[in-house]
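K.L.:
Take a look at the following structure, please.
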Amino acid sequence: MELLFLSAVTVGALHALAPDHWIPFVALARAQHWSKWKTSYSVLLAGLGHVSSSVAIGLIGILLGITTDHVNGWENIRGDVASLLLIGFGVAYLLYGLKQIGQRHTHTPGKATTISYWMLFIIIIFGPCEPLIPLLFASSAYGWMSVVITVGIFSAATIAMMQLQVHAALWGVSAFRWHRIEHASDAVAGVVILVTGIAIRVFGI
């Protein structure tokens, strides 16, 4: 069982390296000038939603006696939907950013921040945690307490890696001088999110 828990840590951290788990947060946090606290809270909330949705699907599979392959099939469908939603969100945010370039005086950052974050939150929830499903099924053989511990470890590793990457990336980009393109920060964020969605769709990462 110790090997199972170790696998949960390793797999949780590695699966969070996927660009859709952190790059969109970096783009929005930079464009909308999120504080460190807001960034951390936003990533935490999205990470919990992301893992919880797959946990729910996995538990349904266990309770109904559905095979791992079938559950992973559901997760693959969710992955396709999530990538398309991310691409759509990137396009929408890019168009919003282009509009704001010429209308800075009418910009309403509070409303834009709220809407864009919750759109990203919904997309992250749709994003599957395929590696978690085999761990859930394996841990169920040891009882429900093992399932709970496995989910907790996987969730902690996933969210910790998401936080680490987001804050490290924001620290890195802060070293660059952005004042020349500050007026286009939303448009740049839209491009970054769009490219991330396309990469997920094309390369399946």
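Values in this text are rule-based calculations from the coordinates and carry no lab data. On a predicted model such as this, the values are computed, not experimentally measured, just so you know. Note that we place each Cβ from the backbone using ideal geometry, even for glycine, and neighbour counts take in every protein chain shown.
K.L.:
Run down Ile77, Ile57, Ile62 and say which single residue is in a helix (DSSP H, G or I), touching a Lys or Arg at 6+ places or on another chain (Cβ under 9 Å) and of a type in the set (A, V, I, L, M).
P.N.:
Ile57
K.L.:
A follow-up question, please. What single numbered condition from (1) more than 12 Å from the chain's Cα centre (by Cα); (2) surrounded by 20 or more Cβ atoms within 10 Å (Cβ to Cβ) fails to hold for Val43?
P.N.:
Every condition holds for Val43 apart from (1).
K.L.:
So in segment 46-75, with the set limited to residues that are small (Gly, Ala, Ser) and under 19 Å from the mean Cα position of the chain (by Cα), which one is surrounded by the fewest Cβ atoms within 10 Å (Cβ to Cβ)?
P.N.:
So in segment 46-75, the residues small (Gly, Ala, Ser) come out as 46-47, 49, 52-54, 56, 58, 61, 65, 73.
Subset that is under 19 Å from the mean Cα position of the chain (by Cα): 46-47, 49, 52-54, 56, 58.
Details: Ala46: 24, Gly47: 23, Gly49: 15, Ser52: 14, Ser53: 18, Ser54: 24, Ala56: 10, Gly58: 27.
The residue in question is Ala56.
K.L.:
What tally of residues in segment 151-165 results from selecting those that are touching a Gly at 6+ places or on another chain (Cβ under 9 Å) and buried (at least 19 other Cβ atoms within 10 Å of the Cβ)?
P.N.:
Of the residues in segment 151-165, 9 are touching a Gly at 6+ places or on another chain (Cβ under 9 Å) and buried (at least 19 other Cβ atoms within 10 Å of the Cβ).
K.L.:
In segment 25-32, is there at least one residue being surrounded by fewer than 21 Cβ atoms within 10 Å (Cβ to Cβ), in contact (Cβ under 8 Å) with a residue 40 or more places away in the chain, over 10 Å from the mean Cα position of the chain (by Cα) and under 14 Å from Ala169 (Cα atoms)?
P.N.:
Restricting attention to segment 25-32, the residues satisfying the condition of being surrounded by fewer than 21 Cβ atoms within 10 Å (Cβ to Cβ) are 30, 32.
Still in the running and in contact (Cβ under 8 Å) with a residue 40 or more places away in the chain: 30, 32.
Narrowing further to those that are over 10 Å from the mean Cα position of the chain (by Cα): 30, 32.
Adding the requirement that they be under 14 Å from Ala169 (Cα atoms) leaves 30.
Taking every residue of segment 25-32 in turn, at least one turns out to be surrounded by fewer than 21 Cβ atoms within 10 Å (Cβ to Cβ), in contact (Cβ under 8 Å) with a residue 40 or more places away in the chain, over 10 Å from the mean Cα position of the chain (by Cα) and under 14 Å from Ala169 (Cα atoms).
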